[in-house]
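Take a look at the structure below.
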Amino acid sequence: METKFLSQADLQEAVDLLNSGELVAFPTETVYGLGADATNEIAVKKVYQAKGRPSDNPLIVTVSDEAMMREYANQVTSDAKKLIDQYWPGPLTILLPVKNNSLPSAVTGGLSTVAFRNPADNLTRELIAKLQKPIVGPSANTSTKPSPTTANHVKHDLDGKIAAIMDNGPTKVGLESTIIDLTVDPYVVLRPGQISASELADFLGKEVQINQGKISTDTIPKAPGMKYRHYAPSAQVIIVDNENDFTEITDADDIAVVALDQVLQDNSFRNYFSLGTDIVSASHNLFDALRFFDNQKEIKTIYVQGFKNGDLAPAYMNRLEKSAAGKHFA
Ligand code: TXA
Ligand code: MG
């Protein structure tokens with residue numbers, strides 16, 4: 001199949017494709033998603049196939065507004081309502097109990113909860129509103145690879161496997177949404193993102209636990225997806241926590257360095273990719289950098305700068321730890 005690029009003017013074509021059970025990748029403020037009609041089981045199954053994703057890893061359900069979510073969610077508590085009013089549309093995904101039989105089990109992976117997301121991208125919200133049904137929205141990458149932050153990243157991974165890609169330019173945040181589980185007490189952040197657990201705790205005036213340590217193991221069935229290999233280019237990624245350690249890396253044809261401008265100015269490497277000036281630009285650029293060197297087969301090791309400070313540091317390091325399988329420069 002030929003994969004088309006679509007834009008604002010082609011919205012109706014995208015709606016028609018989704019209605020006929022085809023896959024359409026869509027932009028969000030975090031990363032690009034892979035869309036299918038969430039109420040069409042056959043279409044949803046194609047998403048797992050196109051991504052090469054294990055079928056027990058549930059899919060996020062992307063809605064155009066709160067009213068659409070309420071058709072599929074149970075127990076929309078006052079805290080859920082508060083979070084929606086404050087953060088939607090935006091990079092916060094909330095886990096709620098699913099209404100019985102309102103969605104195919106291919107979406108939920110057989111769980112009794114669903115992760116709902118309302119992205120801050122007008123084109124995508126308009127698409128879903130016109131469709132009048134939610135779309136599933138995993139990141140639009142081949143399973144195990146870094147999430148796509150441009151339409152071209154999507155094309156690289158899924159060309160020929162999906163009907164279309166809606167292009168709305170590079171994404172803004174660059175890391176996937178924060179996921180908060182509201183079905184447990186205390187609430188738990190299952191995946192850190194731009195909106196931090198401490199911000200959510202302050203806002204709700206309640207304890208919010210962080211579960212990123214636990215969900216990276218196989219033991220917690222709550223988030224089965226978290227147990228799989230993730231964000232991994234073919235080369236070995238090594239995290240460099242201390243800026244000064246870049247001076248100890250010996251430059252070579254088969255190594256690459258991903259770091260802030262300042263580090264790249266102070267050291268000289270033949271293969272490099274800039275993370276920009278701070279943790280915000282670094283979060284925006286991380287997946288692009290990993291993909292850039294993944295396409296250069298001669299690169300065997302990628303040294304990537306780590307960050308300890310800044311609101312985005314936990315989210316950034318969560319992705320980087322996974323792509324490096326925990327390997328740090330020592
Ligand atoms: O920013 C984002 O959230 C992006 C954009 C495209 O919206 N989407 C995204 O989807 O990152 P995905 O599938 O790549 O990551 C969602 C994660 C998966 O690890 C999945 O296992 C978990 O959320 N998840 C989905 N539904 C769940 C559920 N009911 N319970 C626990 N974890 C769930
Ligand atoms: Mg993903």
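Over all other residues within a Cβ to Cβ distance under 15 Å of Lys133, the charged ones net out to -2, with Lys and Arg as +1 and Asp and Glu as -1.
Which of Val184, Val208 comes first, and how do the rest follow, when ranked by fewest Cβ neighbours within 10 Å?
Numbers: Val184 14, Val208 19.
Placing the least packed residue first, the sequence is Val184, Val208.
Farthest towards the positive end of the charge dipole of the chain, among the residues Ala315, Leu204, Thr108, is the Cα of Thr108, using unit charges on the Cβ of Lys, Arg, Asp and Glu. Please work out the FRET efficiency for the pair Lys130 and Lys308, using the Cβ-Cβ distance as r and a Förster radius of 41 Å; give the result to the nearest 0.05. According to the calculation, E is roughly 0.40.
Note on Asn19 and Ala330: with the Förster distance fixed at 51 Å, the Cβ-Cβ geometry gives a FRET efficiency of about 0.40.
Take the Cα of Glu207, step 7 Å toward its Cβ, do the same at Asn100, and the gap between the two points is 3.3 nm. Summarising the amide proton neighbourhood of Phe5: residues at separation of 5 or more, or on other chains, whose placed amide H is nearer than 5 Å comprise Ile165.
What FRET efficiency, computed as 1/(1 + (r/R0)^6) with R0 = 45 Å and r the Cβ-Cβ distance, is obtained for Ser281 and Ser55, rounded to the nearest 0.05? According to the calculation, E is roughly 0.80.
When the helices of the chain are scored as -39500 (n - 2.57) per DSSP H run of n ≥ 4 and the total is divided over every residue, the value at 222 nm lands at -8500 deg cm²/dmol.
Given charges of +1 on the Cβ of Lys and Arg and -1 on the Cβ of Asp and Glu, with all other atoms neutral, how large is the dipole of the range 224-316 about its Cα centre, in debye to the nearest 20? For the range 224-316, the charge dipole is close to 520 debye. Working from label points 7 Å from Cα in the Cα-to-Cβ sense, the Asp185 to Arg270 distance is 6.2 nm. Each distinct pair of alpha carbons in the range 1-146 adds a 1/r term; the inverse of their mean, the Kirkwood radius, is 15.2 Å. Charge dipole of the range 90-213 (Cα centre as origin; +1 on each Lys and Arg Cβ, -1 on each Asp and Glu Cβ, all else neutral): 380 debye, rounded to the nearest 20. Largest GNM mean-square fluctuation among Asp266, Asp311, Asp254, using the chain with Cα springs under 10 Å: Asp266. Placing dummy labels 7 Å off each Cα toward the beta-carbon, the span from Gln262 to Asp159 is 3.9 nm. Running a GNM on the chain with Cα contacts under 10 Å, which residue among Glu29, Glu41, Glu199 ends up with the highest mean-square fluctuation? Its mean-square fluctuation being the largest, the pick is Glu199.
The slack in the chain from Lys4 to Thr247, taken as 0.36 nm per residue of separation less the alpha-carbon distance, amounts to 83.0 nm.
Residues considered: Ala201, Ala140, Ala120. Largest GNM mean-square fluctuation over the chain, using C-alpha springs under 10 Å, is found at Ala201. Under a model in which nothing but the beta-carbon of Lys, Arg (+1) and Asp, Glu (-1) is charged, the range 29-79 shows a dipole of about 360 debye around its Cα centre. Taking other residues whose beta carbon is less than 13 angstrom from the beta carbon of Glu176, and scoring Lys, Arg as +1 and Asp, Glu as -1, yields +4.
No value in this document is a laboratory result; all are computed from the given coordinates. What you see is a predicted model, and the numbers here were worked out from it, not measured in a lab. Note: ideal-geometry Cβ built from the backbone for every residue, glycine included; neighbour counts use all protein chains shown.
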